[in-house]
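Enquirer: One structure follows; several queries about it will come next.
The values are calculated or read from the model by the stated rules, or taken from the named source; none is laboratory data. Everything quoted here is computed from the prediction, not taken from an experiment. No Cβ is skipped: glycine too gets one built from the backbone with ideal geometry, and neighbour counts run over all protein chains shown. Areas reflect the complete protein model, heavy atoms only, side chains present, ligands, DNA and RNA absent. Shrake-Rupley method; radii C 1.70, N 1.55, O 1.52, S 1.80 Å.
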Amino acid sequence: MTPYDAPSPRAPALIDGFGRTVTYLRVSVTDRCDLRCVYCMAEHMTFLPKAEVLTLEELDRIASGFVGLGVRKLRITGGEPLVRKGVMGLIESLSRHLHTGALEELTLTTNGTRLAEFASDLARFGIRRINVSMDTLKPDLFRKLTRGGDLSKVIGGIDAALAAGIAVKVNAVALKDDNAAELPDLITWAHARGCDMTLIEAMPLGEIEVDRTDQFLSLKDVRRTLESFWTLEDSDHVTGGPARYVRVAETGGRLGFITPLSHNFCEACNRVRLTCTGTLHTCLGREDASDLRAVLRAGGTDADLIDAIRLAVDAKPQGHDFQIVRSSAPAVARHMSTTGG
Ligand code: SAM
Ligand code: SF4
């Protein structure tokens, strides 16, 4: 692919209408996935026609445009990013911004099923840390939650990443009936491997077959339970994201809580998201959208692209107000797999 060179890093920063500087872009490279997690996707998903999905060159061009506007951290996500054909070429190409120092971090969120295959290349391309999603250590429950996934592949992927020198953060969605009782074991397992762990509250994104009120588990309650037998020490580790971190004294590991429903995190939000179709969402919990693909496919210049990005960021909403209400429609119709988690 032809690497697109980011505009001068001296371009003015991306600052929204509420004074927040955008320094973090998540890029979804595909809506497809080899798993069908029950809280994320319907069993029979209709995926996007290929023509609607950005090419690797278009993804590179938009991501590099953001880097030129001061974005310091890029996270590649999906869908499952490692099922996108050619994704390693994109990652290798984007790693040029690490070499120039324009980018501080290039990272990835993955379900881990193909990680064993790609871990050493990821390390070679400058990836230092990744997030791997894994909600349980029980093979049968994993198969049920992912509708057919093989847990041993994910564990093999985590081990391969660690062996390649990549730090792994394990992410788990807290689900009332499925993994609530197992969360201490999962945290202990991650910390024993030297991995950070983050718990996520189920968010109302996209229509799925089950009622989310049946799955929802407040992390306030989880925290209270953990505090009945562990010492959770407040940590000043901040990412500008929704996670709040503690250190578990007994395991020596870091534990994050992502609580969009019981705690609002919008004041410090520094991130925007690009879908695999080139739609820029400046807020995960709102329907706001700007079509950057249209700019590229209409033959737009780099200046046109930058104008469109600035216009979108300027209108970034102040915040969201997610609620999980029984039988109500999801707050946002698009799935997490389209927006990019
Ligand atoms: N396929 C990759 C993975 O699973 O890590 C990357 C994309 S996935 C959409 C990113 C993260 O979003 C995962 O940790 C997943 O558990 C989380 N996720 C998906 N749907 C969610 C929902 N409705 N509420 C909360 N988290 C969700
Ligand atoms: Fe796939 Fe990730 Fe969604 Fe699970 S959470 S279905 S792995 S995109």
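Enquirer: Can you give the Rg to Rh ratio for segment 135-177, taking only C-alpha atoms and Rh from Kirkwood?
Expert: Rg/Rh for segment 135-177 comes to 1.02.
Enquirer: Quick one: among Leu226, Leu56, Leu280, which has the greatest mean-square fluctuation in a GNM of the chain with alpha-carbon springs under 10 angstrom?
Expert: Leu226
Enquirer: If you don't mind, there's one more thing I want to ask. Take the Cβ-Cβ distance between Ala42 and Glu233 as r, set R0 to 30 Å, and report the resulting FRET efficiency rounded to the nearest 0.05.
Expert: Values: r = 40 Å, r/R0 = 1.35.
Result of the calculation: an efficiency of 0.15.
Enquirer: Suppose every Lys and Arg Cβ carries +1 and every Asp and Glu Cβ carries -1, with no other charges. What dipole size does segment 21-73 come out with about its Cα centre, to the nearest 20 debye?
Expert: On the way: 7 positive and 7 negative charges, 52 e Å.
Magnitude of the dipole: close to 260 debye.
Enquirer: Could you work out how much longer the chain between Glu105 and Thr55 gets when fully extended? Use 0.36 nm per residue separation minus the Cα distance between them, nm to one decimal. Don't jump to the answer; show the numbers that get you there.
Expert: Values: separation 50, 0.36 × 50 = 18.00 nm, distance 2.25 nm.
Here the answer is 15.8 nm.
Enquirer: Shifting gears a bit: Where does the chain land on Rg(C-alpha)/(2.2 N^0.38 Å)?
Expert: Details: Rg = 19.2 Å, N = 341, 2.2 N^0.38 = 20.2 Å.
With N residues counted in the chain, Rg over 2.2 N^0.38 Å equals 0.95.
Enquirer: Here's a follow-up. Assigning unit charges at the beta carbon (Lys, Arg +1; Asp, Glu -1) and nothing else, what dipole magnitude in debye, to the nearest 20, does the chain show about its Cα centre?
Expert: Numbers: 41 positive and 44 negative charges, 82 e Å.
Dipole about the Cα centre, nearest 20: 400 debye.
Enquirer: At R0 = 51 Å, how high is the FRET efficiency between Gln318 and Lys144 if r is their beta carbon distance? Nearest 0.05 is fine.
Expert: Efficiency, rounded to the nearest 0.05: 0.85.
Enquirer: Using a 1.4 Å probe and ignoring any ligands, DNA or RNA, find the accessible area of Cys276 and quote it in Å² to the nearest 10.
Expert: For Cys276, solvent-accessible area is about 0 Å².
Enquirer: For each pair in Lys50/Lys220; Lys73/Lys153; Lys50/Lys176; Lys50/Lys138, compute the distance between the two Cα atoms and list the pairs where it is over 32 Å. Before the final figure, lay out each step's value.
Expert: Values: Lys50/Lys220 41 Å; Lys73/Lys153 28 Å; Lys50/Lys176 36 Å; Lys50/Lys138 35 Å.
Among Lys50/Lys220; Lys73/Lys153; Lys50/Lys176; Lys50/Lys138, the Cα-Cα distance tops 32 Å for Lys50/Lys220; Lys50/Lys176; Lys50/Lys138.
Enquirer: For the chain, set up a GNM with springs between Cα atoms under 10 Å and report which of Ser28, Ser228, Ser120 has the largest fluctuation.
Expert: Per the Cα network of the chain with a 10 Å cutoff, Ser228 tops the list.
Enquirer: So with the 1.4 Å probe, I'd like the accessible area per residue for segment 32-100, rounded to whole Å². Show your work: numbers first, answer last.
Expert: Numbers: 2670 Å² over 69 residues.
Spelled out: the 1.4 Å probe surface of segment 32-100, per residue, equals 39 Å².
Enquirer: Assign one of three labels to segment 22-166, namely rounded, prolate or oblate, based on the Cα gyration tensor with a ≥ b ≥ c the square roots of its eigenvalues; rounded applies when a/c is under 1.5, prolate when it is not and a/b is larger than b/c, and oblate otherwise.
Expert: Judged from the Cα gyration tensor, segment 22-166 comes out oblate (a/c at least 1.5, b/c at or above a/b).
Enquirer: Excluding ligands and nucleic acids, what accessible area in Å² is computed for His44 using a 1.4 Å probe, to the nearest 10?
Expert: Accessible area, nearest 10 Å²: 150 Å².
Enquirer: Measure nothing but the geometry: give the 0 to 90° angle between the long axis through the Cα atoms of 302-314 and the longest principal axis through the Cα atoms of the chain, rounded to 10°.
Expert: The angle comes out at about 40 degrees.
Enquirer: No other cysteine beta carbon under 4.7 Å away is the test; run it over the chain and list who passes.
Expert: Cys33, Cys195, Cys266, Cys269, Cys276, Cys283
Enquirer: So how tilted is helix 151-163 from the main axis of the chain? Cα-based, degrees 0 to 90, rounded to 10.
Expert: Helix 151-163 sits roughly 60 degrees off the main axis of the chain.
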